[in-house]
Amino acid sequence: MVVGEEHVLTDADLRAGFETDWTGQYRGRARLVVRPASTAEVVGVVRACQGAGVPVVPQGGNTGLAGGSVPDGTGTAIVLSTTRLDALDPVDTAARQVTVGAGVTLAAAQAHAGPAGLRVAVDLAARGSATVGGMAATNAGGMHVLRHGTMRRQVAGLEAVLADGSVLAHLGGLDKDNTGYDLSGLLCGSEGTLAVLTRVRLRLIPVPAHLVTALLAWPDLGTMVEGLNDLRTRVDGLEAAEYIVRRGVDLVTSTFGVTPPFAAGHPAYLIVEVAGGTDPTDALADAIAALPDVLDVAVATGSGQRQALWQLRELHTEALARHGPPRKYDVTVPLATLAAFVAEAVALVEDDRGLTCHHFGHLGDGNVHLNVLGVDAWSPERLARLDDAVFTLVASHGGSISAEHGIGRLKRRWLHLSRSPVEIAAMMAVKRALDPLGLLSPGVLLPAPDQVPMWSAGTDPILPD
Ligand code: 2HG
Ligand code: ZN
């Protein structure tokens, strides 16, 4: 056997955790779960599946929020878990890079780079379970995209097993390497549909000598967007600009017993973080003092205080899950229209339907996370109509239906709202070329050939069935 019997999980109980996504909304069924520990073992598994015509769903930490990491309900596919691909090569301090196995968690990669004074630029709340391979495969974003870009920018090269079992590797890590198609870039964001990622060559950046975090309260989202714009021109080294609002802060503080940030609640909050080689606290305080609409400020320099501010933002997903499962919409809109979009989206979703629409996100990126509570009993058809209404609104604001979570199973039907027919045809051509039998992550990312776009209803699209 390619991986050893103990790493082939056939028992329903053992398979269960790999068949359901983090949100609990996608529950599939796998023929079995296989856990290879080396590239050679991945090759063996993929070849065997290719020979038998068995679909393969690669899975990392299974922290994705778009259903892309779990199989469909037919029980035909296997899940290929990458978590045992956890080798860490020595940090290349000259290049400021490191090659790690696809199954290494972000936290483990950070811990490995830390002693060399280096870190991975992408950071996200699921750092303890999200794997580097999964993050590359979904082109994950997180808190620092504003300054350092998404995962694709951190990937200097990849090793991956293609659908026919051949190994595509480009791990030299040369920054200047202008030798044709950027295949690593193509595999970033391919969501398991083109290859199984096995190793990732990561770019690293220096751990900053100083980090300052501030929480700023605002009367509304519109003034916050303007204020952030102002702040970006006044402050160097802005690493993060995240927004939360009163409703979300109340949910987090009441769910987890966390202390509220100020004696009185405020409508909206911005968390900014500034990194610097010299202490940026005074420069940040001066810049904040010059902002006209700020209602209240808390500044944190020590790591405990900074963490206390960050948990107000980072605990949103967990808090919502306790009251959910929520319907999640991870979208981007141009910053100029963000406040209007959010107001329209909340009104559209809530109306009189008894739903609660939470929103928070990565303000610097125009990335809004809408989380709708109260849909537990909704049928898939009714949910699809809600999805359709929200995504149509996003498109009407010139936005993208997926900012950082990918398309997964959740959004493939709406890909046409963000990608042109020519782009989708090109993606399909790449898919056919690299995976002619369609065995890698079927049902993820690309729309089915016969899948008609959802309608955009004129009246209330979210009526009960
Ligand atoms: C975040 O920014 C994650 O915290 C999760 O992307 C967002 O739960 C969500 O909707
Ligand atoms: Zn996010």
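Given Ala377, Ala426, which one is of a type in the set (A, V, I, L, M, F, W, C), modelled with pLDDT under 95 and away from ligand 2 (no atom under 16 Å from the Cβ)? I'd like the intermediate steps shown before the answer.
Details: Ala426 fails: modelled with pLDDT under 95.
The conditions single out Ala377.
Of the listed requirements (1) within 16 Å of ligand 2 (Cβ to nearest atom); (2) in contact with a strand residue (DSSP E or B) (Cβ under 9 Å, 6 or more places away or on another chain); (3) farther than 24 Å from Thr223 by Cβ; (4) not aromatic (Phe, Trp, Tyr), Gly361 misses just one: (3). Within the stretch 292-341, the set of residues being within 16 Å of ligand 1 (Cβ to nearest atom) and of a type in the set (Lys, Arg) comprises Arg313, Arg322, Arg327, Lys328. Checked against (1) among the aliphatic types (A, V, I, L, M); (2) within 26 Å of the chain's Cα centre (by Cα); (3) more than 30 Å from Lys328 (Cα to Cα), Val54 passes all but a single condition, namely (2).
Just for the stretch 202-236: of the residues that are in contact (Cβ under 8 Å) with a residue 40 or more places away in the chain and β-branched (Val, Ile, Thr), which one is nearest to Gly173 (Cα to Cα)?
Ile205
Scanning the stretch 347-354 turns up no residue that is within 16 Å of ligand 2 (Cβ to nearest atom), surrounded by 21 or more Cβ atoms within 10 Å (Cβ to Cβ) and at pLDDT 95 or above. Among the conditions (1) in contact (Cβ under 8 Å) with a residue 60 or more places away in the chain; (2) more than 15 Å from ligand 1 (Cβ to nearest atom), the only one that Val390 does not satisfy is (2).
Taken together, Gly408, Gly364 contain a single residue that is buried (at least 20 other Cβ atoms within 10 Å of the Cβ), touching a residue at least 60 places away in the same chain (Cβ under 8 Å) and either among the hydrophobic types (A, V, I, L, M, F, W, C) or part of a helix (DSSP H, G or I) (or both), which is Gly364.
The residues of the stretch 142-152 that are more than 13 Å from ligand 1 (Cβ to nearest atom) and touching a Cys at 6+ places or on another chain (Cβ under 9 Å) amount to a single one, Arg152. Of all the numbered requirements in (1) part of a helix (DSSP H, G or I); (2) of a type in the set (D, E, K, R); (3) within 16 Å of ligand 2 (Cβ to nearest atom), Asp330 misses one, and that requirement is (1). Among the residues of this structure, Leu197 counts as one that is in contact with a Gly (Cβ under 6 Å, 6 or more places away or on another chain), hydrophobic (A, V, I, L, M, F, W, C) and surrounded by 18 or more Cβ atoms within 10 Å (Cβ to Cβ). Got at least one residue in the stretch 334-354 being aliphatic (A, V, I, L, M) and assigned to a strand (DSSP E or B)? No, every residue in the stretch 334-354 fails to be aliphatic (A, V, I, L, M) and assigned to a strand (DSSP E or B).
The values are calculated or read from the model by the stated rules, or taken from the named source; none is laboratory data. Fair warning: this is a prediction, and the values are worked out from it, not measured in the lab. Neighbour counts run over all protein chains shown; Cβ positions are idealised from the backbone, glycine included.
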